[in-house]
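Data block below; observations after.
The values are calculated or read from the model by the stated rules, or taken from the named source; none is laboratory data. Small disclaimer: the values here were computed from a predicted structure and weren't measured. For neighbour counting, all protein chains shown are included, and Cβ atoms are generated from backbone atoms with ideal geometry for every residue, glycine included. SASA here: full protein model, heavy atoms, side chains in, ligands and nucleic acids out. Shrake-Rupley method; radii C 1.70, N 1.55, O 1.52, S 1.80 Å.
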Amino acid sequence: MKELKRLTILRGILNDPVVRALADAEPADDGRNLTESEAIFLHEVYSRGIEDTFVEYMSGVILDDENEYARQCAAGKVPSRRMTVEFADNLAKAMNAACDASETYRVDYGTLPDMFKGNPLEVADNLADYYRTNGYGRYSRYMAFRYEDGDLIPVENPVRVRLKDLKDYEYEKSLILNNITGFLQGYPSLNMLLYGSKGTGKSSTIHAVLNEYFDQKLRLVQIDDGSLGKINEIRAKIEAIPMKWLVFVDDISMSGDDKRISQLKASLEGNIAGDFKNSIIVATSNRRHIVKETFSDRNDAVHGKDTMEEQLSLSDRFGISILFSLTDKNTYLSIVRQLAEDSNIQTGTDELEAMAERWALVKGGRSPRRAKQFIEFLSSCEARKIEPEF
C-alpha cells in the first residue's frame, strides 16, 4: 500500500510493525501467489490475532500516534486550517489502506469505531475533541511511566487501588487531595513528602489518587535511585507533554555525602531552568529527614552545624510534609472491620478482632498493610472452608 509511505503528519504510524509491513507489501505481477512482503504482512496480522478486527487495530495505532496535530489539540491549541486539512488527508489514506487490505488479503475489516465515522474532516474534529479530553499518544492510554534511557516507558499493569479501598487516615488523604485538585485546576501547588512507618499507605495513597484523577489528565512518572540525579532532565521532558505529572520518588533515602542531594534540592526549590508548571515532586520516606545523619557528621566536620543543616534542609524544601503514623489498636481494628465488610467476611466481629490482633502480634505490628494481608488471608480461608491457622 504505497500511499501509506506518503503520510506526513501521521507518518509515525509507520513505526508500527503491522502498518509498516502493509506499506511494504508488494503484490506479484500475476496476482496469484503471495510475495514475501505480503506474507510478512499477514504474519504480523495473524501473530497479533487481528485478522477479524483490522480496522480497530488501525484506529488504535492512529490514536496512539504522537503527532503534532494531536499534541496541539491536547495542549488546548487550535491547529491551523492547513494542518487540519493535511491531517484529514492522512486519515483518509490510512483508513483507505485498511479497507484495501481487507479486500486484497481477506482480512476482516471489523467494526469502525464511532469517532472514525464521517468524512475525513469530521473525523479530524472528533479526534481533536478526544485529544483535548484524554491527551494524546501513549499518554492518553497509560497512567504511569518509568524513565529509562531518556524515554518514558509505560507501565502496563499499574497498581489499581482506589481511594475507597484505603481506610481511615482521612486527614492525611485530605491534605494530599486538596493539593492535587488545586494542581489539576491550574493553581499553584506544592511538592509533597509523605513520611512515616512502613505499611501505612503512603505509596498506595499516591497510586489511588492517580487512579482517581486519570480522566483529568493526571499522570505519574516514577523515578528510581539511578535516575534521581536526572530529575530536572525528566521534568524538562514532561514539560512539553500537556498533561499534569506527579514525579514520584518512592522510599527515598540518602547518605550525607550523596551528590544527588544538591540536585534534588535545586529541583524542589530554585534552579536555573525555572519553574516546571505541569509537574510536582511527590516523595515517600520512612523518615521525616530524608538524609541519614550519622555521629561522624556531627563530630568530624569542621563546621558540624552547617553540615547537619545542609542535610536536614532537603526535607524542608517540600512545601507539604505529611506524617503517616503507625495505627493504634482502635484504628487498626477499624480498618480491619471496614476491609472485612468490603470482602464480605462472614466471621463474627469479636472473633475477627481477636484474630486480627493475634495476626498483628505474629507479623510484627499493626498497620494498614497488616490489616489488608490479614483480610486477604481470612477471605481465602473462608472461600476454601478451612480453619485459619497462623
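Can you tell me what percent of all Cα-Cα pairs in the chain are more than 30 Å apart?
Distances greater than 30 Å cover 56 percent of the Cα pairs.
Could you work out Rg/(2.2 N^0.38 Å) for segment 1-114, with Rg from alpha carbons only?
1.12
Return a whole-number percent for the relative contact order of segment 1-129, with Cα pairs under 8 Å and 6 or more residues apart as the contact set.
Relative contact order comes out at 29 percent.
Bin by bin, in steps of 10 Å, what percent of the Cα pairs in segment 122-243 do you find, going until the bin that has the longest distance?
11, 38, 37, 11, 2, 0
Does anyone have the angle between helix 81-104 and the longest principal axis of the chain? Alpha-carbon axes, 0 to 90°, nearest 10?
Value to nearest ten degrees: 70.
How much of the DSSP beta bridge set in the chain is antiparallel, as a percent to the nearest 5?
In the chain, approximately 15 percent of DSSP beta bridges are antiparallel ones.
Can you check what the net charge comes to around residue 156, using other residues whose Cβ is under 13 Å from the Cβ of residue 156 (Lys, Arg +1; Asp, Glu -1)?
+4
Could you work out how far helix 170-184 tilts from the main Cα principal axis of the chain, as a 0 to 90 degree angle to the nearest 10?
Here the helix axis deviates by roughly 40 degrees.
For 11, 317, what's the largest-to-smallest order of accessible area, 1.4 Å probe?
11, 317
Under the definition of Cα pairs under 8 Å and six or more residues apart, what whole-number percent is the relative contact order of segment 150-259?
28 percent
Just to confirm a number: summing +1 for Lys and Arg and -1 for Asp and Glu over residues other than residue 187 whose beta-carbon lies under 12 angstrom from that of residue 187, what do you get?
Summing Lys and Arg as +1 and Asp and Glu as -1 gives +2.
At 1.4 Å probe size, with every protein chain present, just tell me what the per residue accessible area of the chain comes to in Å².
Here the residues of the chain average 51 Å² of exposed surface.
Among 58-68, 93-103, how do they line up by average Cβ neighbours within 10 Å per residue, starting with the highest?
58-68, 93-103
Considering only protein heavy atoms and a probe of 1.4 Å, how much of the accessible area of the chain is carbon and sulfur, as a whole percent?
47 percent
Hey, if you put +1 on the Cβ of every Lys and Arg and -1 on every Asp and Glu Cβ in the chain, which of 17, 33, 243 ends up farthest toward the positive end of that dipole?
243
Explain nothing, just the number: relative contact order of the chain, from Cα pairs under 8 Å at least 6 residues apart, as a whole percent.
With pairs under 8 Å counted, the relative contact order is 14 percent.
If one takes the longest principal axis of the Cα atoms in the chain, at what angle in degrees, from 0 to 90 and to the nearest 10, does the Cα axis of helix 329-342 lie?
Result, in degrees: 30.
What number results when the radius of gyration of segment 200-250, computed over Cα atoms, is divided by 2.2 N^0.38 Å?
Normalised by 2.2 N^0.38 Å, the Cα Rg of segment 200-250 equals 1.19.
Quick one: putting +1 on the C-beta of Lys and Arg, -1 on the C-beta of Asp and Glu, what dipole do you get for the chain around its Cα centre, in Debye to the nearest 20?
1180 debye
Order of 120-127, 376-383, 156-163 by packing, highest average Cβ count within 10 Å first?
Per-residue mean Cβ counts within 10 Å order the peptides as 120-127, 376-383, 156-163.
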